[in-house]
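The structure under discussion appears below in the form of structure tokens.
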Amino acid sequence: HALGSQVGDVLLYYCYCEVRDPEKLCAWQKALCQHLHLTGKVRVASEGINGTVGGSKVATSLYIKVMLSQPLFKNILCQEDFKSSAGGAHCFPDLRVGVFKEIVPMGIDPKIVSYKETGIHLSPQEFHREVEQYLSQATQGQSDTILLDCRNFYESKIGHFQGCLAPDIRKFSYFPSYVDENLELFKDKRVLMYCTGGIRCERGSAYLRSKAVCREVYQLKGGIHKYLEEFPDGFYRGKLFVFDDRYAICSNEDIISACRYCGVLWDQYKLCSSQHCRQLVLTCPSCCNKGLTACCPVCQEKELKVTSRASGQILKEECECTRRRPRVPIERVSPRMLDTGK
């Protein structure tokens, strides 16, 4: 029937608001998604809700309607806050709704760094103008601006704004340490921040502002998602990484990344073939056919030995890729970045 059909949408949204009873909201949300045959992930916390769900077009539009009429989100959440892309329930393995401390896992108590202290929101048009100006100044080597991608390295690798600074982090919870280690970089700068749908910037910009070193902090409202709706051929090049079984969605035909093995242009991720490794790898079809399907030589050489605790819980074994990425990456600033900062 219509609710379970394959052709549909994936919605991405968040709403910061005061939630007095997160458990109750969680139970309501779970029932709603089950009723509409939606799959995906929803995080509920006392600071709000953050979700990405997939289902038929009928189901996703009903979901938006119900969400907008929920008294908790009234006057805060609006139609525009839902980013949608082609997909459906098949994009997620299951439905997970849970209560967490934060609706975006930055690892810092929301009471200490609150979304209320966020940067200045720019519409896609305003952001586009800012990036345009930044790029023209940067070529003359006189920009006082940093265009900051606050996503993970594997996201920015396959798509990013031209001229951006993309931290080598593998989790958003490493972002605060990245900022702490690189405060000099941000001193007296105007920072233009962006992420997938805008939520990481809400807390990320607040964290950056709490350090009191930047001149101004701006963020892209609605994230890359909303920007691409208006500027499919703008300054964002490559694919947009998404956290579901699609891995990426595209707005233009650009491929900016390469196969890990042969260097041919390639931007479609696969999970490392080594059993318990959760790293993503860019390996083109011809390298795949040669059996080059792991993220690094360590994983390629040995099917990882299954190490399990008494509880039967699987331990992730470290591999070359995870070892190469320390918890706090020290940004190696290219000379060009430094020159534009004069």
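Odds and ends about this structure:
- The stretch 120-247: C-alpha gyration tensor shape, a/c 1.5 cut-off, then a/b vs b/c: oblate
- The calculated FRET efficiency for the pair Cys78 and Val264, based on their C-beta separation and a Förster distance of 51 Å, comes to about 0.70.
- Charged neighbours of Val191, selected by a Cβ distance under 13 Å, balance to +1 (K, R count +1; D, E count -1).
- Percent RCO, i.e. relative contact order, over the chain, from Cα pairs under 8 Å lying at least 6 residues apart: 15
- Taking 7 Å steps out from each Cα toward its Cβ at Lys41 and Thr139 produces label points 3.9 nm apart.
- Backbone geometry of the stretch 12-19 corresponds, through the Karplus equation with coefficients 6.51, -1.76 and 1.60 at θ = phi - 60°, to 3J(HN,Hα) couplings of 10, 7, 8, 8, 8, 6, 7, 10 Hz, x marking Gly and Pro.
- Residues of the stretch 99-133 with amide N under 18 Å of the 7 Å Cα→Cβ point at Lys211: 106-109, 112-115, 117-120
- Dividing the summed -39500 (n - 2.57) terms of all DSSP H runs of n ≥ 4 by the residue count of the chain sets its mean residue ellipticity at 222 nm at -8000 deg cm²/dmol.
- Option label - Cα Rg over 2.2 N^0.38 Å computed here, alternatives [x] 1.02; [y] 0.98; [z] 1.25: [x]
- Only the Cβ atoms of Lys and Arg (+1) and of Asp and Glu (-1) were treated as charged; on that basis the dipole of the stretch 53-142 about its Cα centre amounts to roughly 380 debye.
- Residue with peak Gaussian network fluctuation, the chain [Cα springs, cutoff 10 Å], from Lys270, Lys290, Lys83: Lys290
- Of the residues Ile256, Ile112, Ile249, ranked by 1.4 Å probe accessible area with the largest first, the sequence reads Ile112, Ile256, Ile249.
- Length gained when the stretch Lys116-Asp245 is fully extended (0.36 nm per residue, less Cα-Cα span): 43.2 nm
- Projecting the Cα positions of Val19, Gly55, Phe100 onto the charge dipole of the stretch 1-105 (unit charges on Cβ atoms of Lys, Arg, Asp and Glu, taken about the Cα centre) puts Gly55 furthest along the positive direction.
- When all protein chains stay in place and ligands, DNA and RNA are ignored, the 1.4 Å accessible-area order of Val53, Val213, largest first, is Val213, Val53.
- Residue separation of Trp28 and Glu320 scaled by 0.36 nm, minus their Cα-Cα distance, works out to 100.8 nm of gained length.
The values are calculated or read from the model by the stated rules, or taken from the named source; none is laboratory data. Everything quoted here is computed from the prediction, not taken from an experiment. So basically every Cβ, Gly included, is an ideal-geometry build from the backbone, and we count neighbours across all protein chains shown. Side chains are part of the model used for accessible areas, which takes the heavy atoms of the whole protein and leaves out ligands, DNA and RNA. Shrake-Rupley method; radii C 1.70, N 1.55, O 1.52, S 1.80 Å.
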